[in-house]
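Student: Below is the structure I would like to discuss, written out as structure tokens.
The values are calculated or read from the model by the stated rules, or taken from the named source; none is laboratory data. Quick caveat: nothing in here was measured; it's all calculated off a predicted structure. FYI the Cβ positions are ideal-geometry reconstructions off the backbone, even for glycines, and counts take in every protein chain you see. Accessible surface is based on the protein model in full, side chains and every heavy atom, while ligands, DNA and RNA are left aside. Shrake-Rupley method; radii C 1.70, N 1.55, O 1.52, S 1.80 Å.
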Number of protein chains: 4
Amino acid sequence: DRPLTIIAGPCQLEDRDHAFMIAAKVAEACAATGAQFVFKGSFDKANRTSLNGKRGIGMEEGLRIFEAVQAEFGCPVITDVHTEEQCAAVAEVVDILQIPAFLCRQTDLLLAAGRTGRGVNIKKGQFLSPPEMSNVADKVASTGNDKVMLCERGTTFGYNNLVADMRGLPTMARTGYPVVMDATHAVAQPGGLGGSSGGQREFAPVLARAAVSLGIAAVFMETHQDPDNAPSDGPNMIYLDQMPAVIASLMQFDALAKADPLRV
Amino acid sequence: DRPLTIIAGPCQLEDRDHAFMIAAKVAEACAATGAQFVFKGSFDKANRTSLNGKRGIGMEEGLRIFEAVQAEFGCPVITDVHTEEQCAAVAEVVDILQIPAFLCRQTDLLLAAGRTGRGVNIKKGQFLSPPEMSNVADKVASTGNDKVMLCERGTTFGYNNLVADMRGLPTMARTGYPVVMDATHAVAQPGGLGGSSGGQREFAPVLARAAVSLGIAAVFMETHQDPDNAPSDGPNMIYLDQMPAVIASLMQFDALAKADPLRV
Amino acid sequence: DRPLTIIAGPCQLEDRDHAFMIAAKVAEACAATGAQFVFKGSFDKANRTSLNGKRGIGMEEGLRIFEAVQAEFGCPVITDVHTEEQCAAVAEVVDILQIPAFLCRQTDLLLAAGRTGRGVNIKKGQFLSPPEMSNVADKVASTGNDKVMLCERGTTFGYNNLVADMRGLPTMARTGYPVVMDATHAVAQPGGLGGSSGGQREFAPVLARAAVSLGIAAVFMETHQDPDNAPSDGPNMIYLDQMPAVIASLMQFDALAKADPLRV
Amino acid sequence: DRPLTIIAGPCQLEDRDHAFMIAAKVAEACAATGAQFVFKGSFDKANRTSLNGKRGIGMEEGLRIFEAVQAEFGCPVITDVHTEEQCAAVAEVVDILQIPAFLCRQTDLLLAAGRTGRGVNIKKGQFLSPPEMSNVADKVASTGNDKVMLCERGTTFGYNNLVADMRGLPTMARTGYPVVMDATHAVAQPGGLGGSSGGQREFAPVLARAAVSLGIAAVFMETHQDPDNAPSDGPNMIYLDQMPAVIASLMQFDALAKADPLRV
């Protein structure tokens, strides 16, 4: 019943100035509307469609940027981890560790993330049904860490397409953990461009609004000032200059949804 | 941008008193919240899962009930047609003809419905993508009748399950025709009970709210005072005594959505 | 355990000479390999993707062609029916009535087809699970006609795509009715070309062979001497000049499958 | 065009005697029919549905068993790896490293597996289309190792179900790499039993035969003398005592398929 959290940032961390530019814009929009802001960025894209996709700036440089963002904007930061080894190092700086969808069943990664005591945002695998995420959350919780978040990012729907099943949000909420809607990855079209993924960014605000109207904890949206030239996920990222309007709109639906909770 | 229309009623027409009882309850809830009300009922279930399912009261008796509802409640009525021959007879009384999802590609039925000059609500086949409904609408419009409505009722998602893709609503809206969300059939589980369909009625208000938040023209919901003993579609119908709260809630989201239209 | 039946012909009947040309080629290939041949053609395409698609030559002319094919080639013929009214008229000539996939749940059509006493080949709807076809077959059988055939033609798999689930063939065979694989419609891509369907004809022999290896009763394949200029279904029809090799190959797999039946 | 390879063994390695018992039975069946035999077993199940599922005997004990199997039966062995670190150690003993489906896009794992110079069998993710596996194979091949195998194990098809698309086999074969059908995981029902996966073992021989009829390089089948009491994947494993008949049957279809290759 707390106001919506906005988890936003570029798909890939590029450099400090870029991170600041994006964080500043989103932080301002959040502050103006009462949203909590969590800055998101990836330091490594470990599962690109093809070997030609850019990997990222690496963990060390990424962590320095996250520290700077925390210091400058006073906001928590989130990033994805891909191996057990990364968890402890990342957790020195980062507030929320994110488990990528493909890896959401890897027990050792979940346990390592849980043991850091940090928040753990688990993306639902594209191959999983929403009720199965209860078992996944239990793996993290078995470490004594209950700061789990469960995130919808679309389910495989034929080839090269995903569908965001709105039934999944209240289903996952039955676990008692906060539920997050990843509105930009849910409109990706995996492998849709042959050597990389396509996307339908025009539908990201659609899915975000539908999800927020159901009374969720957070929306995850990737954004870029020039998505078509971003190093990854361009086709599904939201233009940075549209983010203030998107956030302001979502906050209105959030207020209404929190005042009128669905009983499922 | 007009307020939401509520299309509601029992799956099957049972008798005049039953229709009145349901229409009265929903009409009152609509009047209280500024929604337009359209009464829905079927006089024939032409495509039951098995031969054991009840078919319905027949066209003649059905039309008499519709006339009585129109006279008593002053509301338009909608029913589904299954053959070309039915169209003209039904159109003598009924305001909106509905094309069942399985039949949404049957050209002669679409043309016959169009030629009546009545409204034509076309359910998107569970086997069709949203953009294909443009071709379907064109079939009706070719008769000179542009009172077309396009209705989402879920897409086949593996076996015995449907998914309501929220991207489909703004996609169908690009045609310029009003878009309807059928929130109760979208939570049906076709063939899920062997000789009949199952359903998840708890999710019907979830899908209705998500859809309404996107700014659609109408919501379609089947309702019954005792769904578990209804002659058909019990598992997915909403309890009649819950309808006022559901409608009141939807009207709030509708007002916000109409004030803040999505541009897709 | 009888040898495979080949149901083949053009998607649309064009004229007598065209039907004879195709029937001659396929009949010869069947005779050479011990397959039974059933000639297939449609006199009306009642559910084209758009209004611009050609409808067909009509029932009367179609029936005259079927009579001529029966007389000339001594083979049974099959065609699809779309309304109750057509069933009796078509059954005067045609040996097997085919229920289109979209219409496979329309009770009155199934009963009318059953009452003719002719064979009834029911295509499994793209929206149905294989076990549900048992209920569908029961509708026909309730008329006292047990000459039912159940036909796989693909299941909705995301948008604009179908998948042929090989588990469906032995599942439908549990009913005791002969099972047919429609290898050319299963590779169609519904609405894939915008105003018409696309297709992947290169995979039709793939699906045919996989299905035949499981020991089915019949394969359904549409063929044309010039598919890219055929009035419908061009993208998924097999080139006529390739049919003899396809049939000869399938008959080898059929012999092996019938000698080594799967127990499911 | 070489005879079919049978990759078979228990889902989990249990102990040396158990491995020998299973290997002996399958090796004998392969020798009797001219199949090449590769022994399969897992030393760690890193992605169980829930934390309650058994993990396995561990890498060290697993490698000792693999060495013993190689020595006793003279056959290659295959096992799955889950981290970069495991690759070199496992490759000291194991002939073919297998990349689990969930991990098939993890670039570093693919590169580490490739660098061992061993064979690399990559399971197609349940979330990937067959053409995307070309990019995946390129990641391994970039290490100079072209001993890649591409393996179908089913694609997400709604919730708790998979479908094996037969079009995927010739599609993946276009890469030039050998194609494998995993017939037992393709009939798993992920999460279908709540805290573990269900399965339809009766369909494993169905999918194996359909795939082999298309002319593939290898079939992967898990087997157990008592599947219902196996530590994992019981519902989809084939009874060990049925394996000789299954293998003998597949070899007949393989011979026919190799003599009559499909041109796709």
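Student: So the label point sits 7 Å from Cα along the Cα-to-Cβ vector; using that for C:Arg115, what distances do you get to the other copies, in nanometres, sorted shortest first?
Tutor: So the label point of C:Arg115 gives 2.4, 7.4, 7.6 nm to the other copies.
Student: Can you work out the FRET efficiency for the pair C:Ala24 and D:Ala32, with r the C-beta to C-beta distance and R0 = 51 Å, to the nearest 0.05?
Tutor: Efficiency, from the Cβ-Cβ distance: 0.65.
Student: Now, a different point. For B:Asp241 and B:Ala89, what is the calculated FRET efficiency with R₀ set at 35 Å and r taken between the beta-carbons, to the nearest 0.05?
Tutor: The value I calculate is 0.50.
Student: A follow-up question, please. What residue among C:Tyr159, C:Tyr239, C:Tyr177 shows peak mean-square fluctuation when chain C is described by a Gaussian network model with Cα springs under 10 Å?
Tutor: C:Tyr159
Student: What is the distance in Å between the Cα centres of region B:23-102 and region C:29-102?
Tutor: One Cα centre to the other: 36 Å.
Student: Moving on. For chain D, what is the charge dipole size about the Cα centre, in debye to the nearest 20, if Lys and Arg each add +1 at the Cβ and Asp and Glu each add -1 at the Cβ?
Tutor: So the dipole magnitude of chain D works out to roughly 720 debye.
Student: Relative to the other copies, what are the label-point distances for B:Gln36, with labels 7 Å from Cα along the C-beta vector, expressed in nm at one decimal and sorted shortest first?
Tutor: 4.3, 5.7, 7.0
Student: Among D:Arg167, D:Arg209, D:Arg118, whose mean-square fluctuation peaks in a Gaussian network model of chain D (Cα, cutoff 10 Å)?
Tutor: Among D:Arg167, D:Arg209, D:Arg118, the largest mean-square fluctuation in the Gaussian network model of chain D belongs to D:Arg167.
Student: Still on this model: What does the net charge come to around C:Tyr239 if you take all other residues with beta carbon closer than 12 Å to its beta carbon, with K and R at +1 and D and E at -1?
Tutor: After counting each charged neighbour, the total is -3.
Student: Any idea what the relative contact order of region C:5-259 is, in percent, if you count C-alpha pairs under 8 Å spaced at least 6 apart?
Tutor: Computed over region C:5-259, the figure is 18 percent.
Student: Using only helices, what value at 222 nm comes out for chain B when you add -39,500 (n - 2.57) per DSSP H run of length 4 or more and divide by the total residues, to the nearest 500 deg cm²/dmol?
Tutor: Mean residue ellipticity, 222 nm, calculated: -10500 deg cm²/dmol.
Student: Could you work out what % of the accessible surface of region D:5-259 is carbon and sulfur, using a 1.4 angstrom probe and leaving DNA, RNA and ligands out of the count?
Tutor: Of the solvent-accessible surface of region D:5-259, carbon and sulfur hold 46 percent.
Student: I've got another one for you. Suppose every Lys and Arg Cβ carries +1 and every Asp and Glu Cβ carries -1, with no other charges. What dipole size does the protein assembly as shown come out with about its Cα centre, to the nearest 20 debye?
Tutor: Its charge dipole is roughly 0 debye.
Student: What are the nm distances, shortest first, from B:Tyr239 to its equivalents in the other copies, labels at 7 Å along Cα→Cβ?
Tutor: Listed shortest first, these distances are 4.8, 4.8, 6.5 nm.
Student: Going Cα to Cα from D:Lys54, which lysines come in below 27 Å? Please leave out same-chain ones fewer than 8 positions away.
Tutor: A:Lys123, A:Lys124, A:Lys139, A:Lys147, D:Lys25, D:Lys40, D:Lys45, D:Lys123, D:Lys124
Student: For chain A, modelled as a Gaussian network with Cα springs under 10 Å, which listed residue fluctuates most, A:Leu51, A:Leu110, A:Leu13?
Tutor: Checking each option, the largest mean-square fluctuation is seen for A:Leu51.
Student: Find the chain D residue whose Cβ sits closest to the rotation axis that carries D onto A, and give that distance in whole Å.
Tutor: Whole-Å result, nearest residue of chain D to the axis: D:Thr156, 2.
Student: Just how much of C:Phe203 is accessible, in Å², when a 1.4 Å probe is used and the result is rounded to the nearest 10?
Tutor: Near enough 10 Å² of accessible area.
Student: In debye, nearest 20, what is the charge dipole magnitude of region D:1-62 about its Cα centre with +1 on Lys and Arg Cβ and -1 on Asp and Glu Cβ, if you could check?
Tutor: 240
Student: Work out the mean other chain Cβ neighbour count within 10 Å for the residues of D:128-140 and drop it here as an integer.
Tutor: 5
Student: Okay, moving on. Can you list residues from other chains, or at least 5 along the same chain, whose modelled amide H is less than 5 Å from the amide H of D:Ser42?
Tutor: Hits under the 5 Å cutoff: D:Gln12, D:Leu13.
Student: Find out how many positive minus negative residues lie around C:Ile57, taking Lys and Arg as positive, Asp and Glu as negative, among other residues whose Cβ is under 11 Å from that of C:Ile57.
Tutor: Surrounding charge for C:Ile57 is 0.
Student: Let me ask another. Where does the charge balance sit around A:Ala113 when Lys and Arg score +1, Asp and Glu -1, over other residues with C-beta under 15 Å from its C-beta?
Tutor: Summing Lys/Arg as +1 and Asp/Glu as -1 gives -2.
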